[in-house]
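The values are calculated or read from the model by the stated rules, or taken from the named source; none is laboratory data. Remember, it's a predicted structure, so these values are computed and weren't measured experimentally. Cβ coordinates were reconstructed from backbone atoms using ideal geometry, including for glycine residues, and neighbour counts include every protein chain displayed. Protein only, heavy atoms only, side chains kept; ligands, DNA and RNA dropped before computing areas. Shrake-Rupley method; radii C 1.70, N 1.55, O 1.52, S 1.80 Å.
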Amino acid sequence: MGSRNLKQMGSIVKEALDGTLLISKFLCFLHVTNKYLCTIALVYGPSMLPTFNLTGDLVLADRISILFNRVGKGDIVLVRSPENPRKIVTKRVMGMEGDRVSFILDTKNSDRWETLVVPKGHIWIQGDNIYDSNDSRQFGPVPYGLLQARVFWRIWPPQGFGTLR
Amino acid sequence: MVAGNLWRWRNAVKEALERTAVVAKFLCLLHVTNNYICSPTLVYGPSMLPTLNLTGDVLLTEHITSRLGRVGLGDVVLVRSPENPRKTVTKRILGMEGDTVTFLVDPKNSDRCHTLVVPKGHVWIQGDNMYASNDSRHFGPVPYGLIQGKVLCRHLFLGPYGKLVEAALEQVPDLLIPIQF
């Protein structure tokens, strides 16, 4: 009696372990894809109106372009914020290293344009909604090493499904 | 005859695939450990003399503390260079956000000092050898997000054959993750 229960327990444990192994292999694969190929992100906030909604859009962002240095002017990127390393922000690249960028520093109060050259190894990012965006105009050019992913496809809301421009 | 050969061929392929799967699983585990837990790294260059050698040191670096945000003053860290994103440098943290740092602007030529406050979300890194180090005195405070890991200890290999193993490893830098100063 006792040995049969033990055998049943043994086979149940073995089956549980096999299932766990399969799930962990799947999670491993998912993690590698997320980290090195492509990731899904929920972007929200007013700084990229009208491109992205205030309340949130689901987008696909690829990581390969960052690894192979194929980011260019006009791309929307996910960047780790230089002010808060736990936060990832979404902005548009307005200048690569060596470019000269012109921007209005204080859109609410004045009309004064500033110009500067983006230093080596850095990029200049700005939100599409310049009136309500905390970006390179406030924290300066961002080192390339902080780039996380490049947005290339929107999957929610359904009216906006497709490439962004 | 042919059927026998085919059956043997299929068995060989199956065995090859199984062995490859084992190797792949091992590499996967090695990769996860290297990226998220700790990894051996080879560092070289003059900017951290006398703490680290000019010709190269094998260090154990861990990646957990920097992810948790617990890297602090005085730690030697691996940082992705803000000037060249493909290069990782090793420096010491001399100021966290909000700290006031005072430094010699150009110690070879003048005695001039400069003081500034490290902005929010940034750290101030300097090499121990301030005469030959390209650090925050040149490229400014570095965002915390660029910190890759913290150096734990060096000379991983203890025992009578430790030095030999290290010398051998330094000849084959591809085995370790190479880092420039």
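List the lysines whose Cα lies under 19 Å from the Cα of residue A:73, skipping any in the same chain that are fewer than 8 positions away.
Leaving aside lysines fewer than 8 places away in the same chain, those within reach of residue A:73 are A:91, A:120.
Rounded to the nearest Å, what's the spacing between the alpha carbon centres of region B:68-136 and region A:5-67? Just the number, please.
Value for the Cα centre distance between the two parts: 36 Å.
Work out the FRET efficiency for residue A:20 and residue A:42 from their Cβ-Cβ distance, taking R0 = 25 Å, and round it to the nearest 0.05. Display every interim value, and only then the final one.
Details: r = 29 Å, r/R0 = 1.17.
Efficiency for this residue pair is about 0.30.
Picking from A:51, A:107, A:39, which is most flexible by a Gaussian network model of chain A using Cα springs under 10 Å?
A:107
Pop out the carbon and sulfur fraction of the accessible area of region A:80-165 as a percent, whole number, probe 1.4 Å. Don't skip to the answer; put the middle values down first.
Values: 2330 of 4690 Å².
The C+S portion of the solvent-accessible surface of region A:80-165 is 50 percent.
Quick one: if you stick a label point 7 Å off each Cα along the C-beta vector at residue A:13 and residue B:131, how many nm between them?
6.6
Given R₀ = 45 Å, FRET efficiency for residue B:30-residue A:99 by Cβ-Cβ distance, to 0.05?
Details: r = 40 Å, r/R0 = 0.89.
Between residue B:30 and residue A:99 the formula returns 0.65.
Can you send over the solvent-accessible area of residue B:112, 1.4 Å probe, protein chains only, in Å² to the nearest 10?
About 150 Å², rounded to the nearest 10.
Rolling a 1.4 angstrom probe over the protein chains, ignoring ligands and nucleic acids, what is the accessible area of residue A:6 in square angstrom, nearest 10?
Counting only protein heavy atoms, residue A:6 exposes about 130 Å² to solvent.
Sort B:113, B:38 from largest to smallest accessible area, using a 1.4 Å probe on the heavy atoms of the protein chains. Write down the numbers at each step before the final one.
On the way: B:113 80, B:38 45 Å².
Correct descending sequence by accessible area is B:113, B:38.
Calculate, in nm to one decimal, what residue A:159 and residue A:64 gain on full extension: separation in residues at 0.36 nm each, minus their alpha carbon distance. List each step's numbers first, then the result.
On the way: separation 95, 0.36 × 95 = 34.20 nm, distance 2.70 nm.
The span from residue A:159 to residue A:64 would gain 31.5 nm if fully extended.
Residue A:121: net charge of surrounding residues, Cβ under 12 Å, Lys/Arg +1, Asp/Glu -1, itself excluded?
Working: positive: A:120, B:80, B:86, B:87; negative: A:97, B:83.
With Lys, Arg at +1 and Asp, Glu at -1, the neighbours total +2.
With the cut-off at 1.5 for a/c, could you classify region A:49-111 from its C-alpha gyration tensor as rounded, prolate or oblate? Could the numbers behind the result be given before it?
Numbers: a/c = 1.72, a/b = 1.20, b/c = 1.43.
Oblate shape, in that a/c is at least 1.5 and b/c is the bigger or equal ratio.
A drop of at least 40 square angstrom in accessible area, chain alone versus all protein chains together, probe 1.4 Å. Which residues of region B:63-100 meet that?
Hits at the 40 Å² cut-off: B:82, B:83, B:85, B:86.
What does the accessible area per residue of region A:33-135 come to in Å², with a 1.4 Å probe and no ligands, DNA or RNA counted?
On the way: 5580 Å² over 103 residues.
Solvent-accessible surface per residue comes out at 54 Å².
Only counting protein heavy atoms at a 1.4 Å probe, give the residues of region A:61-90, ordered by number, whose accessible area falls by 40 Å² or more when the other protein chains are present relative to the chain alone.
With the partner chains in place, region A:61-90 has these residues losing at least 40 Å²: A:82, A:83, A:85, A:86.
Shape of region A:98-146 from its Cα gyration tensor (a ≥ b ≥ c, root eigenvalues): rounded if a/c is under 1.5, otherwise prolate when a/b > b/c, or oblate?
On the way: a/c = 2.87, a/b = 1.57, b/c = 1.83.
Taking the square roots of the gyration eigenvalues as a ≥ b ≥ c, region A:98-146 is oblate.
Past the 39 angstrom mark, what percentage of all C-alpha to C-alpha distances in the protein assembly as shown do you count? Don't jump to the answer; show the numbers that get you there.
Numbers: 18930 of 59685 pairs.
Taking all Cα-Cα pairs of the protein assembly as shown, the fraction more than 39 Å apart is 32 percent.
Give the aspartates and glutamates whose C-alpha is closer than 17 Å to that of residue B:91, dropping any in the same chain fewer than 8 places away, or say none.
Answer for residue B:91, where 17 Å is the Cα cut-off: B:57, B:62, B:75, B:83, B:128, B:135, listed by chain and number.
What is the mean number of Cβ atoms from other protein chains located within 10 Å of the Cβ atom of each residue in peptide A:43-54, rounded to a whole number?
Taking the mean over all residues of the peptide, I get 0.
For region A:17-165, count the residues as N, evaluate 2.2 N^0.38 Å, and divide the Cα radius of gyration by that value, please. Mind dumping the intermediate values first?
Details: Rg = 17.3 Å, N = 149, 2.2 N^0.38 = 14.7 Å.
Cα-based Rg divided by the globular estimate yields 1.17.
Sort A:144, B:131, B:44, A:36 from largest to smallest accessible area, using a 1.4 Å probe on the heavy atoms of the protein chains. Before the final figure, lay out each step's value.
Numbers: A:144 25, B:131 125, B:44 95, A:36 70 Å².
Descending accessible area places them as B:131, B:44, A:36, A:144.
Within 10 Å, Cβ to Cβ, of residue B:142, how many net charges do the neighbouring residues add up to if Lys/Arg are +1 and Asp/Glu are -1? The partial results should precede the final answer.
Numbers: positive: B:80, B:91; negative: B:135.
So the environment of residue B:142 carries a net charge of +1.
What average number of partner chain Cβ atoms lie no more than 10 Å from the Cβ of the residues making up B:138-146? Numbers along the way, then the final one.
On the way: counts 0, 5, 2, 1, 3, 11, 8, 15, 7.
Per residue, the number of nearby Cβ atoms from other chains is 6 on average.
Tell me, what is the per residue accessible area of region B:24-78 in Å², probe radius 1.4 Å? Each step should come with its number before you reach the end.
On the way: 2710 Å² over 55 residues.
Accessible area per residue, region B:24-78: 49 Å².
Excluding ligands and nucleic acids, what accessible area in Å² is computed for residue B:26 using a 1.4 Å probe, to the nearest 10?
Accessible area, nearest 10 Å²: 120 Å².
Among DSSP beta bridges whose residues both lie in the protein assembly as shown, state the antiparallel percentage, nearest 5. Walk me through the numbers on the way to the answer.
Values: 59 of 62 bridges.
Taking every DSSP beta bridge with both residues in the protein assembly as shown, the antiparallel ones total about 95 percent.
Protein chains only, probe 1.4 Å: how do A:139, A:68, A:103 rank by accessible area, largest first? All intermediate terms of the calculation are to be shown ahead of the outcome.
Details: A:139 40, A:68 140, A:103 10 Å².
Largest accessible area first, the list is A:68, A:139, A:103.
Using a probe radius of 1.4 Å on protein heavy atoms only, what is the accessible area buried between chains B and A, both sides summed, to the nearest 100 Å²? Don't jump to the answer; show the numbers that get you there.
Details: alone 11590 and 10890 Å², together 21000 Å².
What B and A bury together is about 1500 Å².
How far, in degrees from 0 to 90, does helix A:2-36 lean away from the longest principal axis of the Cα atoms of chain A, to the nearest 10?
Between the helix axis and the principal axis of chain A, the angle is about 20 degrees.
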